[in-house]
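The values are calculated or read from the model by the stated rules, or taken from the named source; none is laboratory data. As the structure is a prediction and not an experimental result, all values here were calculated from the model. No Cβ is skipped: glycine too gets one built from the backbone with ideal geometry, and neighbour counts run over all protein chains shown.
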Amino acid sequence: MTTTPPVDRLIAAVNAQIGRVGPGLYGVACSGGADSLVLADAAIRVAGPAHVVVVTIDHGLMPGAADAAARVAAWARQQGAAAVVRSVAVARRPSLEAAARQARYAALDALADELGLACVLLGHTARDQAETVLLRLLRGTGPAGLAAIPAQRGRFMRPLLAIDRAAIDTYAAARGLPVWHDPMNDDRRLARVRVRRDVLPALRRENPRLDAALVRLASSAAEWLEVIDGLARPFARFPIDAAALAAQPVAIRKRALSLALEAAGLDYDAVHLEQLDRLTTAADRGQMSVDVRGGAIVRTYGVVSVAGRDQPTQAALAAPHAGYELRTWRAGDRMRPARLKGRSRKLSDLYIDAKVPRVARAQARVLVRSSDATIVWAEHLGAAFGEPCADLPIPARSDGKF
């Protein structure tokens, strides 16, 4: 094969990625299209066929997809590499692309565990990156969205993300690769196809180097995102202390909320982030909530959490000492808190006065003296009036907190 600077750059990118991973078995996701087939061929050349598994996911969405997957597997085996074809069921959702992507990554993740793969290489290129940046701009995105496709996310790695289409085509032609043309790449019902065929060509007439500019924008946004994420992560998991997050700059607040939503498996958009930021920074006034796709985020006093989740783990309610009963509080329970100097009030009112979040009080425990059925201690409130803490068998939580 005659080498050229673009081809040399492509091989160098794959070699560098494999070198960073270290020894192991490398998976390559390959549909048979030019990008992924070039990546599979380059990986086999760099790592050796014994160290590569070519993985094809058959979504079953297009006629001939199963035959194409079989041809990819046959080609890989001819090169001396292992090959696996895995069929998946794609949920019928408004966005077929998103549903197929979710099914594909789940299958690749499962295969990586099953086969003990050191990584899974994906064939996204500079053209994919430019298209993704433009699509996100058209749909409306914040700075984080401009980072577009990450070079790495966990075990998934994209060594060709800076390689342009010309290098891909040059490599495929020089190697005589049996490239398969996916009919979905011609389906104008898909937004990406319309952007590729209509929008980008028009914009390139204004700036012939548009693709490179969009890729640079994604790279700059990714550099920004790395810094912001480092500052946001300490606040980026539900339940969140609203006061602590509210003290941060708005960019960190919104990014923390984004990361927390993603970790909770909830979908959102820019409008949701604006609403959640207002919820986080608002004055305490009981319980407030914001609906997002897939759930709701609630703020009860100073705690922001996912509705129906983030419930405190209930420790086993074993009696800590003979003569006492440990149980979850009940409606109608009363107590004489120390701050009221012996005056009795309902526990429900005491919890509200103390601004104990609903999720925290739902399973709060009380210690009851068996001889007179008096509540001598309540979780989040402490010992009752006239009850010496040192003499009470106050229980510890399973996490070591009282």
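Here segment 135-166 is the region considered, the condition is being outside any loop (DSSP other than H, G, I, E, B) and at pLDDT 95 or above, and the residue that is surrounded by the most Cβ atoms within 10 Å (Cβ to Cβ) is M157. The set of residues in segment 254-274 being under 17 Å from S289 (Cα atoms) and assigned to a helix (DSSP H, G or I) consists of K254, L257, S258, A260, L261, A270, V271, H272, L273, E274. The number of residues in segment 232-252 being more than 14 Å from the chain's Cα centre (by Cα), closer than 23 Å to V356 by Cα and not acidic (D, E) comes to 10. Checking each residue in segment 372-399 for being over 20 Å from I240 (Cα atoms), surrounded by fewer than 14 Cβ atoms within 10 Å (Cβ to Cβ) and modelled with pLDDT under 85 picks out G386, P388, C389, A390, D391, A396, R397, S398. Among the residues making up segment 355-371, those that are farther than 16 Å from F385 by Cα and under 39 Å from the mean Cα position of the chain (by Cα) are K355, V356, P357, R358, V359, A360, R361, A362, Q363, A364, R365. Confirm whether L111 is exposed (fewer than 14 other Cβ atoms within 10 Å of the Cβ), over 18 Å from the mean Cα position of the chain (by Cα), in contact (Cβ under 8 Å) with a residue 24 or more places away in the chain and assigned to a helix (DSSP H, G or I). So L111 does not fit the description; no.
Any residue in segment 49-70 that is loosely packed, with under 14 Cβ neighbours inside 10 Å and over 27 Å from N185 (Cα atoms)? Checking segment 49-70: at least one residue is loosely packed, with under 14 Cβ neighbours inside 10 Å and over 27 Å from N185 (Cα atoms). Only one of the numbered conditions (1) farther than 24 Å from Q102 by Cα; (2) surrounded by fewer than 21 Cβ atoms within 10 Å (Cβ to Cβ) is not met by A264, and that is (1).
Could you please let me know if D291 is of a type in the set (D, E, K, R), surrounded by fewer than 17 Cβ atoms within 10 Å (Cβ to Cβ) and assigned to a strand (DSSP E or B)?
Details: of a type in the set (D, E, K, R): yes; surrounded by fewer than 17 Cβ atoms within 10 Å (Cβ to Cβ): yes; assigned to a strand (DSSP E or B): yes.
When the stated conditions are applied, D291 passes them.
Mind checking which residues of segment 228-245 are out of contact with any strand residue (DSSP E or B) (no Cβ under 6 Å at 6 or more places or on another chain), over 19 Å from L146 (Cβ atoms) and buried (at least 16 other Cβ atoms within 10 Å of the Cβ)?
If we filter segment 228-245 for residues that are out of contact with any strand residue (DSSP E or B) (no Cβ under 6 Å at 6 or more places or on another chain), which is where we start, we get 228-237, 241, 243-245.
Restricting the remaining residues to those that are over 19 Å from L146 (Cβ atoms) gives 233-237, 241, 243-245.
Answer for segment 228-245, where residues must be out of contact with any strand residue (DSSP E or B) (no Cβ under 6 Å at 6 or more places or on another chain), over 19 Å from L146 (Cβ atoms) and buried (at least 16 other Cβ atoms within 10 Å of the Cβ): F235, A236, L245.
Do we have any residue at all in segment 208-219 that's over 30 Å from G60 (Cβ atoms), without any contact (Cβ under 8 Å) to a residue 24 or more places away in the chain and not in a helix (DSSP H, G or I)? There is at least one residue in segment 208-219 that is over 30 Å from G60 (Cβ atoms), without any contact (Cβ under 8 Å) to a residue 24 or more places away in the chain and not in a helix (DSSP H, G or I).
Do the conditions hold for Q129, that is, is it at pLDDT 95 or above, assigned to a helix (DSSP H, G or I) and among the polar types (S, T, N, Q)? Taking the combined requirement at face value, the residue satisfies it.
Being surrounded by 14 or more Cβ atoms within 10 Å (Cβ to Cβ) and in a loop (DSSP other than H, G, I, E, B) is the filter here, so list the residues in segment 74-90 that pass it. Q79, A81, V88, V90, listed by residue number. When R253 is tested against (1) under 30 Å from A162 (Cα atoms); (2) buried (at least 18 other Cβ atoms within 10 Å of the Cβ), exactly one condition is not met: (1).
Restricting A43, A73 to those that are farther than 23 Å from A99 by Cβ and out of contact with any helix residue (DSSP H, G or I) (no Cβ under 9 Å at 6 or more places or on another chain) reduces the list to A73.
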